[in-house]
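The values are calculated or read from the model by the stated rules, or taken from the named source; none is laboratory data. Model, not experiment: these values are computed from the prediction. Accessible surface is based on the protein model in full, side chains and every heavy atom, while ligands, DNA and RNA are left aside. Shrake-Rupley method; radii C 1.70, N 1.55, O 1.52, S 1.80 Å.
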Amino acid sequence: MTRILIGFEQGRGRGDDENEVLIAEYIEALKDLPLAGIHAAAGRFRDGTTLLPWVRRWRPSPAEFAAEVREGLIPLRAKLVHIRQILGAEVYDPPTDEDREKVAAAAASWLNRGGETGPGRPRPSPEAVAAAREDVLHEHGAKFREVAVGSLAQLAARLDAKAAAQREQVT
């Protein structure tokens with residue numbers, strides 16, 4: 001850290017204690033960041049090609065230095081995400097000509113049977129499907145009415161009782 005900061009020293013000389021405190025602040029700010037990112041950010045500060053705005057007259061603060069390191073890590077992390085997506089991708093074996101022939105034969109067989117769903121089970125007609133759906137709809141409607149009528153009657157009774165109680169309190 002001292003080597004990185006030496007180019008930024010300006011003004012009066014510092015004592016060893018002051019330098020240790022300064023270095024400790026930078027180390028605390030950069031402790032969880034990768035060393036390669038820190039060196040790259042230090043190079044950008046030395047060259048004056050920082051990714052984030054910075055006043056060249058002053059040494060970067062520990063927070064500015066850490067922000068520059070994080071900004072420089074964004075493209076690397078994007079590459080890592082892409083690499084992880086590639087490594088986690090599902091392996092796909094394209095179907096062979098034999099597989100395609102088997103699928104075509106099964107489809108042709110099903111169509112030749114007249115679209116039966118299984119051996120001995122004919123496919124229901126559109127009218128039968130519509131009638132079954134309507135029966136289910138009427139069944140669900142009846143269940144809803146049973147629940148709703150009782151609940152609504154109880155709710156209405158409670159509201160009437162509350163209204164009567166409030167009228168008694170007012171008078």
* Could you rank ARG44, ARG84 by how accessible they are, 1.4 Å probe, largest area first? => ARG84, ARG44
* What ³J(HN,Hα) values, in whole Hz, does the Karplus curve 6.51 cos²θ - 1.76 cosθ + 1.60 give for region 48-60 when θ = phi - 60°, with x put for Gly and Pro? -> x, 10, 5, 7, 9, x, 7, 7, 5, 5, 10, 5, x
* Cα-based helix-to-principal-axis angle, 16-30 vs the chain, degrees rounded to 10 -> 20 degrees
* Helix 35-47 vs. the chain, principal-axis angle (Cα, 0 to 90°, nearest 10) -> 60 degrees
* **LYS143 accessible area, 1.4 Å probe, all protein chains in place, Å² to nearest 10** => 110 Å²
* Structure fact -> Residue-normalised 222 nm signal for the chain, counting each DSSP H run of n ≥ 4 as -39,500 (n - 2.57), nearest 500 deg cm²/dmol, is -24000 deg cm²/dmol
* Angle in degrees between helix 62-87 and the longest Cα principal axis of the chain, rounded to the nearest 10 -> 40 degrees
* **Candidates ALA132, ALA24, ALA89: whichever shows maximal mean-square fluctuation once the chain is modelled as a Gaussian network with Cα springs under 10 Å** => ALA132
* To do: Quick one: check the C-alpha center-to-center distance for region 40-102 versus region 139-171, whole angstrom.
  => 62 Å
* Dimensionless Rg ratio for the chain, taking C-alpha atoms and the 2.2 N^0.38 Å reference -> 2.46
